[in-house]
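Since the structure comes first, as structure tokens, the remarks are kept for the end.
The values are calculated or read from the model by the stated rules, or taken from the named source; none is laboratory data. The model shown is predicted, which means the values in this text are computed figures rather than measured ones. Methodologically, a virtual Cβ is constructed for each residue, glycine included, from the backbone with ideal geometry; neighbour enumeration extends over all protein chains shown.
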Amino acid sequence: MSIPHGGELIRRILPEKEAASVIEGAGDLPNIQLEESSVKDVFNICNGVYSPLQGFVGRDDYRSILDSMHLASGPAWTFPIVLDTDQDTAASLSDGSDILLTDESGSAVAVMHLSERYDYDREEMAQKVYLTTDVKHPGVEKTMALKDVLLAGTIDLVRDPGLPFPEVTLSPVETRMTFKKKGWNTVVGFQTRNVPHVGHEYVQKWALTVSDGVFINPVIGRKKVGDFLDQVILDSYRALLDNYYPGDRAFMSVLHFEMRYAGPREAIFHAIVRKNFGCTHFIVGRDHAGVGDYYEPFAAQDIFNDFPDLGITPVFFKSFFHCKKCGGVSNEKTCPHTGEHIINFSGTKMREMLTSGQVPPPEIMREEVARAVINHDKIFVE
């Protein structure tokens, strides 16, 4: 099993009595209301998903992340996890003070120990993280909407934020315990924001041939229009796992995270997160975490050359397809055929069929998976 990123699995959850005391005295603390994505960031920081982060990043880490894709203390880190606020609110706060962080309903989630407030350049952040300042990019659009000042400081969770799908929401402590009980020493992580087609199954089962187990880790949270809804993704994977996987070789838990679509940088970030969950390997496909035509198809794989000491082994797949002549899923290394023999896994075609209630052919998608999808009245984010 992998060593947590930075060497230590962070866990910043206040004991029940301390948490109750903070909540009781909440009226005496300044508070900042978080949007949904920031609540998830808080949850992930305090549960060790983002180890070694112990809070929202400060100025030195922010600059180091943008300029070198590492934290100031050394570990690789490619995406700044920040908390923004307006200038008036920032001016009313004092470094060294505590701030109550609440969810959108006003309920306490965490207490932040404010260490600093700092200005930043939105365009610089967008250009360095997303390699573009085009506001049509969903990550750039979100960046340009950030407020003027960033807050930094360690945070402690005082209340479980009640994220959806608690039955499949496990912390790194829990996934590591699960892997240990299963006797898994090598674990391949697989991220997804799609329902599984036969090509995905091919990749995952290949992973099973070279490891003790595969960890299916769907991203749960706000996505772009046209992405599959969270419940649809989970139900489709349950259908696949229940019908086509050995029960002791595959395991699913979710990642509560808002996709940034940062392409190469986000691929490294996703690998770090799976390292913290306990994975030793991480599958990186074509255009991982990409959107539109902002990144080269294999940029998210090439960037791993710059991180030889990441502590988790990337597994790359250039392409895979159904070959009618070979009689199954193949890739460019194993199949010599072209043209009429090849059926590519067209996301557009699959979406059209599922939307119209059709079950795609078996060489594209398992019938049980397709029916788990089309049983839903709504399939996609609108």
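Looking across region 42-73, the residues that are within 19 Å of Met259 (Cα to Cα) and free of Cβ contacts under 8 Å to residues at least 60 places away in the same chain come down to Leu53, Ile65. Let me confirm something: among Gly199, Gly221, Gly189, Gly183, which residue is modelled with pLDDT of 95 or more and surrounded by 15 or more Cβ atoms within 10 Å (Cβ to Cβ)? Only one candidate passes the filter, namely Gly189. Residues of region 288-320 that are closer than 27 Å to Val187 by Cβ and over 20 Å from the mean Cα position of the chain (by Cα): Asn305, Asp306, Pro308, Asp309, Lys318, Ser319, Phe320. Residues that are buried (at least 18 other Cβ atoms within 10 Å of the Cβ) and charged (D, E, K, R) within region 236-262 comprise Glu258, Arg260, listed in sequence order.
The set of residues from region 133-150 being part of a helix (DSSP H, G or I), surrounded by fewer than 16 Cβ atoms within 10 Å (Cβ to Cβ) and either of a type in the set (S, T, N, Q) or touching a residue at least 12 places away in the same chain (Cβ under 8 Å) (or both) comprises just one member, Met144.
Scanning region 230-262 for residues that are more than 23 Å from Leu354 (Cβ to Cβ) and hydroxyl-bearing (Ser, Thr, Tyr) gives a single hit, Ser253.
Restricting attention to region 120-132, does a residue exist that is in the same structural domain as Phe43 (by TED's automatic domain parsing), in a loop (DSSP other than H, G, I, E, B), within 29 Å of Asp230 (Cβ to Cβ) and in contact with a strand residue (DSSP E or B) (Cβ under 9 Å, 6 or more places away or on another chain)?
No, every residue in region 120-132 fails to be in the same structural domain as Phe43 (by TED's automatic domain parsing), in a loop (DSSP other than H, G, I, E, B), within 29 Å of Asp230 (Cβ to Cβ) and in contact with a strand residue (DSSP E or B) (Cβ under 9 Å, 6 or more places away or on another chain).
Screening Gln358 on (1) surrounded by 13 or more Cβ atoms within 10 Å (Cβ to Cβ); (2) in the same structural domain as Gln191 (by TED's automatic domain parsing) shows it passes everything except condition (1). Each residue in region 7-34 was checked for being part of a helix (DSSP H, G or I) and farther than 14 Å from Leu157 by Cα, and 4 pass.
Taking Gly96 as the residue in question, decide whether it is surrounded by fewer than 19 Cβ atoms within 10 Å (Cβ to Cβ), in a loop (DSSP other than H, G, I, E, B) and at positive phi.
Numbers: surrounded by fewer than 19 Cβ atoms within 10 Å (Cβ to Cβ): yes; in a loop (DSSP other than H, G, I, E, B): yes; at positive phi: yes.
Yes: the conditions hold for Gly96.
Just checking, does region 65-75 include any residue being crowded, with 21+ Cβ neighbours inside 10 Å, assigned to a helix (DSSP H, G or I) and out of contact with any Gly (no Cβ under 7 Å at 6 or more places or on another chain)? Taking every residue of region 65-75 in turn, at least one turns out to be crowded, with 21+ Cβ neighbours inside 10 Å, assigned to a helix (DSSP H, G or I) and out of contact with any Gly (no Cβ under 7 Å at 6 or more places or on another chain). Out of curiosity, is Val129 touching a Phe, Trp or Tyr at 6+ places or on another chain (Cβ under 7 Å) and surrounded by 18 or more Cβ atoms within 10 Å (Cβ to Cβ)? Here the answer is yes, as Val129 does meet what is asked. Checking Thr280 against (1) modelled with pLDDT under 95; (2) out of contact with any helix residue (DSSP H, G or I) (no Cβ under 6 Å at 6 or more places or on another chain); (3) not aliphatic (A, V, I, L, M): exactly one of these is not met. Which one? Every listed condition holds for Thr280 apart from (1).
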